[in-house]
Each structure stands twice: as structure tokens, then as C-alpha cells.
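Each reported figure results from applying straightforward, stated rules to the coordinates on display, with no laboratory input. Everything numeric here is computed off the predicted structure, so don't read it as measured data. As a convention, Cβ positions derive from the backbone with ideal geometry for all residues, glycine included, and neighbour counts pool all protein chains shown.
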Amino acid sequence: MKIYFDHEKLDVYQEAIAFCGWVGEFLTAISAKAAAKDQLDRASTSIPLNIAEGNGKFSSKDRARFFEMARGSALECAACLDVLLVRKLASEEQVIRSKERLARIVQMLVGLLRKFSARADILRQEESDYSIEHDHDYEHEHE
């Protein structure tokens, strides 16, 4: 596909578009009505839209805000996949492959956030950083 805009050059945008395409195919295979299904559709669409809008901003603060929203939508997609899995509307294999793609998207967004946001140091990108003890300690530090 021919590139017309700067955001289309970003690897993270290309990954987000690929994920969004996969979600579209995946959702057509689920006949059951589920709130998580609708939310996955919205959140997966939000990732590339926020990347594109953020990349078009001039100030670092504005760019970071949209990249943060894209990251949040990617994390939301991961949670939607978990919900669909526990409700037996998705297979573990589908969820694992999709979450691996989402993890790459989040890592790339964290890289962009480290470039454009002074607050990026508080972001957690390593799997080990998501431990229960860490979350507990973090909550108490910020009370």
C-alpha cells in the first residue's frame, strides 16, 4: 500500500492496523453477543486512530497524550481477550498469539512515550514488573 501520511511509516501503526484487521476477522467468527466483543472492536480501532492523531501533533506533550491513549486501548484489548477466553468465546491459542502482538505494540508505544514524555519512567513494560507485590508497593507509595 502506498504511504500518504507520516504515521503510516511507523512500525507501531502498521502493527496496530494488522491487529485491527485480525480483530475484524476474529469477531465475525463469534456469533454470540458479548459486551467484550463490542469493546474489543472499539478498543482495537482506537489504537491506530490514536497513534495517527498523536503522530500529527506538534508538541511532545500532545503526542505523548495520544500515545498513552493508544497504549491504554492496547491493554484494554488484552483484557477483552481474557474475558472472551473465560467465557469460552475464544481459544487459548487465539488469545496467546493476539496478546503477543499486543505486547509488541505496547512495547513500541512505551518506546515512543519515553521519547516524548517525562513521565514515561513510571510505565511498566517488563512482564516481571506486573507482579502482585509490585502493584501493592506502588499503591502504598502513592497514597
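What percent do you get for the relative contact order of the range 1-111 when only Cα pairs under 8 Å and 6+ apart count?
Averaging sequence separation for qualifying contacts and normalising by length gives 29 percent for the range 1-111.
Place the peptides 59-70, 87-98, 41-52 in order of packing, highest mean first, counting for every residue the other Cβ atoms within 10 Å and averaging per peptide.
Listed from highest to lowest mean packing, they are 41-52, 59-70, 87-98.
Could you list, in their original order, any pairs among Lys9/Lys33; Lys2/Lys33; Lys2/Lys57; Lys33/Lys115 whose Cα atoms are separated by more than 29 Å?
Among Lys9/Lys33; Lys2/Lys33; Lys2/Lys57; Lys33/Lys115, the Cα-Cα distance tops 29 Å for Lys9/Lys33; Lys2/Lys33; Lys33/Lys115.
So how far, in whole Å, is the C-alpha centre of the range 95-114 from the one of the range 42-82?
If you average the Cα positions of each part, the centres end up 11 Å apart.
How large is Rg over Rh for the range 1-114, taking Rg from the Cα atoms and Rh as the Kirkwood inverse mean of 1/r across Cα pairs?
For the range 1-114, the value is 1.00.
Calculate the dipole size of the range 12-120 relative to its Cα centre from +1 charges on Lys and Arg beta carbons and -1 charges on Asp and Glu beta carbons; express the result in debye to the nearest 20.
380 debye
Dipole of the range 1-131 (Lys/Arg Cβ +1, Asp/Glu Cβ -1, origin at the Cα centre): which of Ile105, Thr45, Phe58 lies farthest to the positive side?
Sorting the options by dipole projection puts first Phe58.
Using square roots of five times the C-alpha gyration tensor eigenvalues, list the equivalent-ellipsoid semi-axes of the range 44-108 in whole Å, biggest first.
28, 10, 8
Express the C-alpha Rg of the range 76-116 as a ratio against the empirical globular expectation 2.2 N^0.38 Å, rounded to two decimals.
Cα Rg divided by the expected 2.2 N^0.38 Å: 1.38.
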